[in-house]
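Okay, so here's the structure we're looking at.
The values are calculated or read from the model by the stated rules, or taken from the named source; none is laboratory data. Note that the coordinates shown come from a computational prediction; the quantities given were computed from them, not determined experimentally. Using ideal geometry, Cβ is built from the backbone for each residue, glycine included, and neighbour counts are taken over all protein chains shown. With ligands, DNA and RNA removed, areas are computed over all heavy atoms of the protein, side chains included. Shrake-Rupley method; radii C 1.70, N 1.55, O 1.52, S 1.80 Å.
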Amino acid sequence: MVGLAELAWAGTGLDERSIDHLHRLVASWAPLADLSFGDLLLYAPCTGGFDPATVAVGDDGEPGRSATSSDGDFVVLAHARANTGPTVHLVDPVGTLVQGPASAWLRDAIDNGEAGEAEIAEVGSHSVIGDDTVVEEEGSLALRDRRRVVDYVPVRCGDLPVAVLAREAAPAPIRHENPLETIYRGLYARFAQMIADGAFPYDWVERVGEFREPRVGDGVMVLDREGRITYASPNARSALHRLGVMRPVPGCRLGDLGLDDTVIRRSFWRRRSTVAEFTAGQGIVVVMRAYPLVADDRVSGAIALLRDVSELRHHDQLLLSKDATIREIHHRVKNNLQTVSSLLQLQARRLASPEAKVAVESSVRRISSIAMVHEHLSLDTTSDLDFDEIVGPLLRLVEEGLAPAGRPLKIRVDGAVGEIDGETAMPLAVVLVELVQNAFQHAGPPAGPAKLVEVRFAGTATTLTMRIKDDGPGVPDRFSLDRDAGLGLTIVRSFVVHDLGGSITIKAASAESPRGTVIDISVPRRPATAPIG
């Protein structure tokens, strides 16, 4: 999806400072949309010859617009819908050009730096202002002959307006607004004036986390410049009740209600949006975000949004407890596997048969490779691990167990795997140990300074590949994995084909020379799941 910055750089003359200012506005305007009961659109003046189709892509994946801008035209940089009311734009208007007489009110806001109102009549797929028309994106309104009322303010960055913020909504039916709507629209008007004065967005905002961020529908309190509560919405009063506040709240400060008012005082002092959590017995947690209201360069009050996040916090604690339990299980499994490995090593020292000793030592390496994966999984809260971090220890495990003194085993590693899930890492670690161990046993001539084994990793977003190549005599003629595979290759095949759903091929290093064997492994990379937070 095309972002604000891409459209701004491609089609407007805005500098980096102005674009950053607009970014901060868009990042903070969700409560404003809810308070306005309408759609918020951000317009910026275009440079001549700009075609949004070269930047914007529609929802269906096809280029969206084909008109070319002229000087005096405007482009929609961003759009937000309110959670408190119906939308007037069923299709995302970002990237739409506003041209000709239809942009007169936008030009007036930029040139004069003044707020105003306008009305747009919709007839089919055309916007009608007076006797002039401009073609708009078809399907933006489901019904014909509809109108939009627009309240707009210039967006000031420094000394000059750089864009226009417009609230667009359907004309209100003939009815009396309830007190909540009147208060909310008044709050939006105060924010709109701050935008026109350059006091909003704030330079910096304290963060609480996307999934715990309060919205207007969760509860609103309005405070005066002395920090006294002048209004609390029904949902805000419910959140306060959860914290044990049973008395009437209008006219009280947070301190009078038994709550810490640091979040409000910090907001007034820093002129920034601040956030705090209030807790009560039995796991009750309420998040409060304060927005200072500034008029004539003075803090005139604040609004506070409240959200009861007790259930979310309970789920967070359950997830943390679950993560800790999983890590502890991995740690214990690793310890148990190491104990089994040590017992097998003791048993190997007492064996007289060379074949039995080799078999037990091979089992020790298999168990140790699995224990190594569990050790890395026990250090992280996720079920994924960076496989490249354990490749070195796995290969040292083979070197220390098999390479005799005076004739070392040389292992050359190229490429990388990256992060994979534990269910793939476990069998892949055993496969790597088995194949390198097998390559060592068959690599190189009977006499020589060293044996060389090459390991190469590669892959895509969906597939992992591993190649093991040795410098031995090569596979015998008519070699069959089904008929001639020993225990090690049988284990490898079982893991790769049956457990990981991959494939394995074994062939000579080249058609011209039988020297050396190449084993190629290909397994699917399981897609990572998106975190919940």
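Just so you know, in segment 269-286 the residues that are of a type in the set (Val, Ile, Thr) and either more than 13 Å from Arg207 (Cβ to Cβ) or without any contact (Cβ under 8 Å) to a residue 60 or more places away in the chain (or both) include one that is surrounded by the most Cβ atoms within 10 Å (Cβ to Cβ), and it is Val286.
I'm checking my understanding of the structure. Among residues of segment 185-201 that are of a type outside the set (Gly, Ala, Ser) and open to solvent by 10 Å² or more (accessible area, probe 1.4 Å), which one is farthest from Ala295 (Cα to Cα)?
Residues of segment 185-201 of a type outside the set (Gly, Ala, Ser): 185, 187-188, 190-191, 193-195, 197, 200-201.
Keeping just the survivors that are open to solvent by 10 Å² or more (accessible area, probe 1.4 Å) gives 185, 188, 190, 193, 197.
Values: Arg185: 17, Tyr188: 13, Arg190: 8, Gln193: 8, Asp197: 8 Å.
Going through the qualifying residues, I end up with Arg185.
Which ones in segment 235-265 are touching a strand residue (DSSP E or B) at 6+ places or on another chain (Cβ under 8 Å), outside any loop (DSSP other than H, G, I, E, B) and touching a residue at least 24 places away in the same chain (Cβ under 8 Å)? Within segment 235-265, Asn235, Ala236, Ser238, Ala239, Leu240, Arg242, Val263, Ile264 qualify. Could you run through segment 286-311 and say how many residues are of a type in the set (Gly, Ala, Ser) and not in a strand (DSSP E or B)? Of the residues in segment 286-311, 1 are of a type in the set (Gly, Ala, Ser) and not in a strand (DSSP E or B).
Within segment 505-533, residues that are within 30 Å of Arg212 (Cβ to Cβ) have Cβ atoms under 6 Å from residues that are modelled with pLDDT under 80 and not charged (D, E, K, R) in these pairs: Gly533/Phe211, counting only partners at least 6 apart in sequence or on another chain.
For segment 217-248, taking the residues that are open to solvent by 10 Å² or more (accessible area, probe 1.4 Å) and β-branched (Val, Ile, Thr), the one that is nearest to Asp308 (Cα to Cα) is identified as Val222. Among the residues making up segment 450-478, those that are open to solvent by 30 Å² or more (accessible area, probe 1.4 Å), farther than 13 Å from Val518 by Cα and not in a strand (DSSP E or B) are Thr460, Ala461, Thr462, Asp477, Arg478. The residue that is modelled with the highest pLDDT, counting only those in segment 393-418 that are assigned to a helix (DSSP H, G or I) and open to solvent by 30 Å² or more (accessible area, probe 1.4 Å), is Pro393. Checked against (1) among the charged types (D, E, K, R); (2) part of a helix (DSSP H, G or I); (3) closer than 15 Å to Leu435 by Cα; (4) modelled with pLDDT of 80 or more, Glu355 passes all but a single condition, namely (3).
Being modelled with pLDDT under 80, of a type in the set (Lys, Arg) and in contact with an Asp or Glu (Cβ under 8 Å, 6 or more places away or on another chain) is the requirement here; does Lys334 meet it? Here the answer is yes, as Lys334 does meet what is asked.
Looking at Gly488, is it open to solvent by less than 30 Å² (accessible area, probe 1.4 Å) and either more than 12 Å from Asp520 (Cβ to Cβ) or of a type in the set (D, E, K, R) (or both)? So Gly488 fits the description; yes.
Annotation: of all residues in segment 336-364 being open to solvent by less than 90 Å² (accessible area, probe 1.4 Å) and among the charged types (D, E, K, R), the one that is farthest from Ala429 (Cα to Cα) is Lys357.
Conditions first: (1) surrounded by 15 or more Cβ atoms within 10 Å (Cβ to Cβ); (2) modelled with pLDDT under 80. Ile506 passes all but one, so which condition is the exception? So the condition that Ile506 fails would be (2).
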